[in-house]
Amino acid sequence: MLRYVTTNPGKVREALQYLDDGVEQLDYDYTEVQASELGPIAAHGAREAYRHANEPVLVDDAGLFVDGFDGFPGPYSSYVEDTLGVEAVSRLVASELEDPRRASFDCVLAYCDGAGFEASPDPVDRDDRTAAAARGAEQGDEETEALPVKLFTGTVRGRIVAPRGEGGFGYDPIFEHEGTTFAEMDAEAKNAISHRGRALAKFGEWFAERTQ
Ligand SMILES: O=c1nc[nH]c2c1ncn2[C@H]1C[C@H](O)[C@@H](COP(=O)(O)OP(=O)(O)OP(=O)(O)O)O1
């Protein structure tokens, strides 16, 4: 049984469209190491979640990266959603940046099942200091650190706008792609173009071959 590791029901709804049978949510809050990119966070999370579950796991780490803010809130998107809130992010972007207020949604899926496969190279953080901190967090368990992890990434470009739409979750109401916000799309339309949908499609292809 593959476990989709997240505490976020919005992510699960989208993932289940791709990974129907034999997937169940594992509501496990893995340690999010501090890093300026999603890769190291997801890889660390997948190793930790696999150790916890003892079953194949898929960790989903995602974030909103605003071009004009040098990628903020990025890996801190969840924290910023909980503290500032998405409407305040939209207002902040509108007051500080000229139109078009370009941004990306990025998603990194990290798969770990404890077995050997051609793993992705360990993700390196641009900022050595935070990479060192990430390594530090893993220290003391070399076996966990050595577990192979496979990464799948997806990204989508868009613009930050005033909130529109009722669907989706998180930053969906303020992220517009080709004239429509993610919150104005149904899950299927969003999956067809979203960061998560693209990463899930890549994972699904690889996983189907692996389990044939
Ligand atoms: O498609 C999306 N549509 C809207 N917002 C999104 C999306 N994808 C990620 N996001 C936001 C939600 C959260 O503020 C942050 C992810 O944070 P992230 O740490 O990956 O997930 P989380 O804390 O919600 O749950 P968990 O870590 O248990 O999977 O970016």
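The values are calculated or read from the model by the stated rules, or taken from the named source; none is laboratory data. Keep in mind it's a predicted model, so treat the numbers as computed, not measured. Please note: Cβ atoms are built from the backbone with ideal geometry, for glycine as well, and neighbour counts cover all protein chains shown. The area values use the complete protein model at the heavy-atom level, side chains included, leaving out ligands, DNA and RNA. Shrake-Rupley method; radii C 1.70, N 1.55, O 1.52, S 1.80 Å.
Key figures for this structure:
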quantity	calculated
Value of [θ]222 nm, deg cm²/dmol, for the chain, DSSP H segments ≥ 4, -39500 (n - 2.57) each, nearest 500	-11500 deg cm²/dmol
Size of charge dipole - the chain - debye, nearest 20, with Cβ of Lys, Arg +1 and Asp, Glu -1, no other charges	360
Relative contact order of the chain, defined on C-alpha pairs under 8 angstrom at six or more residues apart (%)	22
Dipole magnitude of segment 1-94 about its Cα centre (Cβ charges: Lys, Arg +1; Asp, Glu -1), debye to nearest 20	80
Cβ-defined net charge surrounding Val57, 13 Å radius [Lys, Arg +1; Asp, Glu -1]	-3
Cα shape, segment 2-210, gyration tensor, a/c 1.5 rule	oblate
Local electrostatic count, Glu143, Cβ distance below 10 Å [Lys/Arg +1, Asp/Glu -1]	-1
Solvent-accessible area, 1.4 Å probe, carbon plus sulfur percent, for the chain	46
Per residue accessible area in Å² of the chain, where ligands, DNA and RNA are left out and the probe is 1.4 Å	50
Ranked packing of 78-90, 174-186, 1-13, 58-70, most packed first, by mean Cβ within 10 Å	58-70, 174-186, 1-13, 78-90
Crossing angle, helix 38-53 versus the chain [Cα axis fit, 0-90 degrees, rounded to tens]	50
